[in-house]
1. Whole-Hz Karplus ³J(HN,Hα) for the range 42-48, in order, using 6.51 cos²θ - 1.76 cosθ + 1.60 and θ = phi - 60°, x for Gly and Pro?
2. Taking only DSSP H segments of four or more residues, each worth -39500 (n - 2.57), what value at 222 nm results for the chain once the sum is divided by all its residues, to the nearest 500 deg cm²/dmol?
3. Out of residues 5 or more away from A296 or on other chains, whose amide H comes under 5 Å of its own, with H placed 1.01 Å from N in the peptide plane?
4. Which number gives the lysine pairs in the chain that have C-alpha atoms under 23 Å apart and are eight or more places apart or on different chains?
5. For the range 23-144, just run the numbers: alpha carbon Rg, then divide by 2.2 N^0.38 Å, N being how many residues it has.
6. Go ahead and run the numbers for FRET between E199 and S364, Cβ-Cβ distance against an R0 of 30 Å, rounding to 0.05.
7. What accessible area per residue, rounded to a whole number of Å², is obtained for the range 69-341 using a probe radius of 1.4 Å?
8. Return the long-range amide H neighbours of G369 (sequence gap of 5 or more, or a different chain), with a cut-off of under 5 Å between placed amide H atoms.
Amino acid sequence: MTPQGDARFATEEYLRHIMLDYRQMTDFVKEPFLVARADGIRFWDVHGKEYLDGLAGIFVVNVGYNNPRMLEAVRRQLETLPFNPPMHGTNPRAVELATLLAEITPGDLNTARLVSSGSEATEAAFKMARQYHRQTGNPGKYKILSRYLSYHGATGSAMSAGGVGYRKTLYEPAGVGFLHTYPPYCYRCPYEKTYPSCEVFCARTIRSMIEWEDPRSIAAIIVEPISNTGGIITPPMEYLGILRQLCDEHDILLIFDEIITGFGRTGSLFAANTFDVVPDILCCGKGMSSGYAPLAAALVRDRVAATFWGAPGTEFAHGHTYAGNPVSCAAGLASIREILERGLAENARRVGAHLVTRLEGLRSLGIIGDIRGKGLLIGVEFVKDPATKQQFAPGINLGLRIGKRAMHHGLLLRFDPHWIAFGPPLIVTEQEIDTMVDILERSIREVLREL
Ligand SMILES: Cc1ncc(COP(=O)(O)O)c(C=O)c1O
């Protein structure tokens with residue numbers, strides 16, 4: 001029988017017309033996944049199957065779906081002003097949002113460059129960093145230092161800063177001046193050291209890199225305080241402080257990519273609060289509008305912003321049609337106020353601790369190597385042998401199989417061959433986490449029986 005309603009779009013006849021991210025469409029059409037509606041922490045696909053969203057879409061829907069405050073804010077803004085001429089000016093909601101961001105961010109991150117996506121935020125940050133150095137008498141500073149296993153977006157410079165080879169190879173040569181160092185992946189230290197006796201060598205060794213490259217050529221270091229790619233790679237508490245010090249010594253701008261970690265995800269409003277380090281530029285997106293409209297930003301400290309405020313020609317030569325869009329900004333204001341007023345960062349910390357306790361209880365299954373992350377950004381790395389950290393053979397794809405099985409049982413997680421991750425809406429309760437972990441446990445048991 002031919003599917004009716006929205007279900008008909010989950011057929012090859014229609015899917016031939018669309019190209020999805022990181023997905024071979026000939027595989028996708030065999031098992032299409034089209035979400036039709038959502039409420040709270042749940043969504044339903046076009047066939048009516050219900051799912052618990054253990055991933056907030058993709059670390060986005062921090063306030064949950066169908067939130068009345070969000071709906072009202074977006075509806076009111078659509079009726080009042082859906083768009084303003086961006087080349088000639090801005091709108092009140094954009095200025096209100098920039099002002100609120102200045103209030104809630106740590107330190108003097110007081111100026112916002114509003115954009116529509118995380119990739120645009122990191123692109124803007126790189127351009128600003130280079131322009132800042134040109135405007136402060138250091139025109140030779142252009143290199144951007146980032147880390148392997150990082151992700152900063154899909155566009156040109158964002159891709160070049162990214163640290164996963166296979167996401168770049170097809171499109172290289174990448175941008176000029178992008179350098180990479182090893183991430184603080186303590187569970188499998190790339191330097192084969194052990195924390196804390198390593199004294200955070202992975203951060204300290206960046207000093208040599210800066211010196212060998214020549215500090216006069218380095219504009220910025222960009223890091224995700226906790227990175228998703230690689231399995232929620234979480235640095236020791238001292239790591240970001242060491243980077244801050246290195247940047248200060250060499251007049252290098254420190255950029256935090258908080259596109260996932262911002263707006264409560266790690267148990268504080270920003271990971272900059274969680275780790276008590278203020279960057280020079282903070283890129284954010286995702287939970288900023290909780291996905292009710294596209295919104296992101298690069299937030300800039302006063303001493304950087306000051307160099308763009310003054311002489312003609314020092315303005316930021318950059319433009320996006322949808323930057324500071326009034327509907328997106330109204331969604332951002334409502335999402336941030338909801339996060340603040342409902343204490344969702346605190347909820348992330350409390351419920352996240354419960355999630356970790358529940359995951360610790362799964363160690364008896366014999367395949368859990370590491371549980372890491374902060375707040376409601378938690379990863380689990382699977383291993384064949386926890387004593388030796390030996391991984392499963394590449395073809396086993398245990399994490400993928402567990403993640404797919406969890407989806408079969410109605411739970412959305414982030415999954416990869418060797419790990420899975422949780423990043424649910426920040427409104428999630430301990431009881432809902434219990435249900436999610438029960439589904440995960442059942443999925444693991446079923447997959448292990450099939451090995
Ligand atoms: C850490 C990080 N930076 C940048 C981006 C790019 O954001 P967007 O997909 O909104 O362009 C992402 C997206 O997942 C991300 O996770």
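1. 3J(HN,Hα) across the range 42-48, in whole Hz: 10, 9, 10, 7, 5, 9, x.
2. Working: 16 runs with 158 residues, N = 451.
The helix contribution divided over the chain gives -10000 deg cm²/dmol.
3. Placed amide hydrogens put V115, S116, S117 under 5 Å from A296.
4. Close lysine pairs under the 23 Å cut-off: 15.
5. Numbers: Rg = 20.2 Å, N = 122, 2.2 N^0.38 = 13.7 Å.
Against the empirical 2.2 N^0.38 Å value, I get 1.48 for the range 23-144.
6. Working: r = 34 Å, r/R0 = 1.13.
Once rounded, the FRET efficiency stands at 0.35.
7. Working: 11010 Å² over 273 residues.
Result: 40 Å² per residue.
8. The list, which skips near neighbours in sequence, is E381, F382, V383.
The values are calculated or read from the model by the stated rules, or taken from the named source; none is laboratory data. Keep in mind that this is a model prediction, so the values were computed, not measured. Positions of Cβ are generated from backbone atoms using ideal geometry, with glycine treated the same way; all protein chains shown enter the neighbour counts. Please note that ligands, DNA and RNA were not included when accessible areas were found on the heavy atoms of the full protein model with its side chains. Shrake-Rupley method; radii C 1.70, N 1.55, O 1.52, S 1.80 Å.
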